[in-house]
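Below is one structure, written out as structure tokens; comments come after it.
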């Protein structure tokens, strides 16, 4: 059932399908597309050309099988979605999130409150992001990844989830992204390999290649990354 508040402001060029819920004080700008099963909470503003509630599709070339049905896309209160944002079905965006121009968040992801997902960031499927976390421009967050609270991830960071690089059939037993603890800082252009666990309060230097798990309260740098000191 479609439910749109009479206190929402919606541009005439927006395309809104059935089974959408839009709460009071929401602003929808020009040429936004909102697919069925999308919920937009009070006070959120959606700028031009955003696509919300997209269902994953494939012509059969992907190794990971898609589901026949996904849950609702839920966008929390007082968020800002900048132009060109794409959010997939089954994802939940917390309150007070800023989603930068052309960022994309795939299906069944979660973000906490007060997050920034910046310009051109891609977040792949089934990834969980904690509260007060910031992910900067042109970074790729892989599927099946967990990111904690108060994390800062700089620009151009790459994360991956498959050490076989697609040479084996998809299996979540081996296709697993990194687990990043709370209060972690990751420098520009760092590369974090599959299954790595980064403990709380770690600092990863710029351009580091993280191939092994890192214990809490350490600074790692280099290729491959090595512990250089404790966090002061």
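Each value in this text was obtained by applying a stated rule to the coordinates, not by laboratory testing. Please read these numbers as outputs of a predicted model, since none were measured by experiment. Counting neighbours? That spans all protein chains shown, and the Cβs are built from the backbone with ideal geometry, glycine included.
Take each of the peptides 214-220, 176-182, average the number of other beta-carbon atoms within 10 Å over its residues, and list them starting from the highest. Present the calculation step by step, with values, prior to reporting the outcome.
Numbers: 214-220: 18.4, 176-182: 21.1.
Going from most to least packed, we get 176-182, 214-220.
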- Report the extension gain between residue 78 and residue 13 in nm, rounded to one decimal, defined as 0.36 nm multiplied by the number of residues separating them, less their alpha carbon distance. 21.2 nm
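For region 45-121, what's the relative contact order in percent, using C-alpha pairs closer than 8 Å and at least 6 residues apart? Don't skip to the answer; put the middle values down first.
Numbers: 198 pairs, mean separation 22.3, N = 77.
Normalised by residue count, the contact order of region 45-121 is 29 percent.
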- By the C-alpha gyration tensor axes a ≥ b ≥ c (rounded if a/c is under 1.5, else prolate when a/b exceeds b/c, else oblate), the shape of region 117-180 is prolate
- Note on the structure: For region 145-232, averaging the sequence separation of alpha carbon pairs under 8 Å that lie six or more residues apart and dividing by its residue count, the contact order in percent is 24 percent
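Would you mind giving the three semi-axes, in whole Å and largest first, of the ellipsoid equivalent to the chain according to its Cα gyration tensor?
33, 20, 13
For the residues 88, 17, what sequence is obtained by ranking on other C-beta atoms within 10 Å, fewest first?
Working: 88 22, 17 13.
Least crowded to most crowded, the residues run 17, 88.
Please report 49, 174 as a ranked list, fewest other C-beta atoms within 10 angstrom at the top and most at the bottom.
Values: 49 18, 174 14.
Listing 49, 174 from fewest to most nearby Cβ atoms yields 174, 49.
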- Item | nm² value of the averaged projected area, convex hull over the Cα atoms of region 145-232 | 5.4 nm²
- Part-to-part distance (alpha-carbon centres) for region 133-170 and region 178-215, which is given in Å: 10 Å
- In what sequence do 1, 221, 145 fall when counting other Cβ within 10 Å, fewest first? 1, 221, 145
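Find the relative contact order for the chain and round it to a whole percent, using C-alpha pairs within less than 8 Å whose residues are 6+ positions apart.
Numbers: 783 pairs, mean separation 21.2, N = 232.
This gives 9 percent for the chain.
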